Amino acid sequence: TLSTGLEKPRRFRTKGGLNEHLERHKSATGPTRPEGLSAYIAVTAAYWAFMLTDGALRMLVLLHFHTLGFTPVQLAYLFVLYEIAGMVTNLTAGWIAARFGLTSTLYAGLGLQVLALLALTQLDPNWAIGASVAFVMVVQGASGVAKDLAKMSSKSAVKILAPAQGDGLFRWVALLTGSKNAVKGLGFLLGTALLATFGFTTAVLGMAAVLFGILIAVLIAMPAGLPKGRKGAKFSEVLSKSANVNWLSLARVFLFGARDVWFVVGIPIYFYAALSDGTEAGNRAAFFVIGIFMALWIILYGAIQAAAPRLLRAKTRNEAQLINAARGWALAVVPAALTAAAWIATGPETWLTMVLVVGLLAFGALFAINSALHSYLILAFTKAERVTMDVGFYYMANAGGRLVGTVLSGLTYQVGGLTLMLATAALMVAVSAITSGQLSGDYNEAGTT
């Protein structure tokens, strides 16, 4: 399916001999498949492996420390450095990739995640709460650096490798992003299953071993097709001069803040309260149900992201029409309705739980289309020569939104329960829609409006 409609591949404009290499490769082997497809497949496979462990680790940490008695705010603290590290990493990794090449940042991300997993196994359950929180925050921070090195590398590679004609760029980035999120959803399920079956330490060690094997395989098998970097890249180039890139990045802050304000702490803890009777068997059953829901949400989200070009009829619509589609307000209706339901309920009731499940799945479907559009537009607004810098800046904003959402997830749930948490999500979606309304279809190839 990847080769459909890719008759005329992109002519690369990056420095470092990429065009010459691909032309020589084509003349030697014949044009049996699109230029860059081998590198795209390898990058996607590496990103899949990383996100499987990232999703599993998220659920392992959240549920393990909740059973140790951590409050919602303390649980949120565990992920704060993860998001702060993501902001710093994305801002600097774009320049690092431009200077040293995309494969270097991809390999560094995979390797650092292995080290973070190994470090987490050294946690001593006899430590005081404060020491445990500090240690896990640092390890999660390293994992955040690893995640955003891998993400920035993979997303930037699509701009370089994807075909320029038609909706090729939208299809390739939607497929990468959607499949990645589906794999991360499986990671949520894997994490809860491993925690319930093998315990925390054994589960984390197993993931580290598998990811290390995948890193070795990628190091050996990565084909040519990605730029090696350029020595003249300056760090000052990271800050974008494109109004569209800046507005889109700001919209991303509020969009992902609206997702994580309920996703990170509040909803998993609510489901735990509604499903577990406090016994060990009850905890295991609750873990599996929470893992299944979170996995299904992410898998649905990823599947709709991958299908977004078809759902939006991107092949027959121009860029200005796709920009208009990113300004929709429909997404804000769902958390607003869920806020009303939570306000009516008196606690973790069965009907409320069912409404939350259905409503959050609907939120995921609409959110996926908005997110896929954003992921496409950032690549459309930038140019190949500075793609890693613009993508890094954009994902710095993405990490900033997740940071705000993570802190608010624990804080709003502890202060005002589901009602305040969901109302905050609705407000953040509305702000994202207003910000997206500033995007302009009038920009040139250099990415400036």
Once you've got the Cα coordinates, tell me which of 155/383; 241/383; 180/383; 147/315 are over 20 Å apart. 180/383; 147/315
Residues residue 357 and residue 321, FRET efficiency given R0 of 30 Å [Cβ-Cβ distance, rounded to 0.05]: 0.35
Full extension from residue 197 to residue 115: what is 0.36 nm times the residue separation minus their Cα-Cα distance, to one decimal in nm? 27.2 nm
Add +1 for every Lys or Arg and -1 for every Asp or Glu among the other residues with Cβ under 11 Å from the Cβ of residue 54, and state the total. +4
Part-to-part distance (alpha-carbon centres) for the stretch 33-94 and the stretch 394-444, which is given in Å: 19
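Using the per-residue mean of other Cβ atoms lying within 10 Å as a proxy for protection, in what order, highest first, do the peptides 275-287, 149-161, 100-112 fall?
By packing density, highest mean first, the sequence is 149-161, 100-112, 275-287.
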Give the accessible surface of the stretch 36-226 per residue, rounded to a whole number of Å², with probe radius 1.4 Å and ligands, DNA and RNA excluded. 31
Distance between Cα centroids, the stretch 98-163 to the stretch 253-273: provide it in whole Å. 22
Ranking 128, 64, 102 by how far each Cα lies towards the positive end of the charge dipole of the stretch 36-226 (+1 on Lys and Arg Cβ, -1 on Asp and Glu Cβ), the top one is 102
Note down the nm distance, to one decimal, between modelled labels 7 Å out along Cα→Cβ at residue 329 and at residue 100. 4.8
Work out how much length residue 440 to residue 216 would gain on full extension: take 0.36 nm times their residue separation and subtract the Cα-Cα distance, in nm to one decimal. 76.3 nm
Peptides 308-315, 81-88: what's the order by average Cβ count within 10 Å, highest mean first? 81-88, 308-315
Taking Cα pairs under 8 Å and at least six residues apart, what relative contact order does the stretch 241-441 come out at, in percent? 51
Scattering curve values for the stretch 36-226, log₁₀ I(q)/I(0), Debye with Cα scatterers, q = 0.08, 0.18 Å⁻¹: -0.27, -1.18
With +1 on the Cβ of every Lys and Arg and -1 on the Cβ of every Asp and Glu, the dipole magnitude of the stretch 36-226 about its Cα centre, in debye rounded to the nearest 20, is 380
Env charge @ residue 309, Cβ radius under 15 Å, K,R +1 / D,E -1, value +3
When the accessible area of the stretch 241-441 is split by element with a 1.4 Å probe, what percent falls to carbon and sulfur? 68
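The values are calculated or read from the model by the stated rules, or taken from the named source; none is laboratory data. All values reported here derive from a predicted model rather than from experimental measurement. Note that each Cβ is placed from the backbone with ideal geometry, even for glycine, and that neighbours are counted across all protein chains shown. Accessible surface areas use protein heavy atoms only, side chains included; no ligands, DNA or RNA. Shrake-Rupley method; radii C 1.70, N 1.55, O 1.52, S 1.80 Å.
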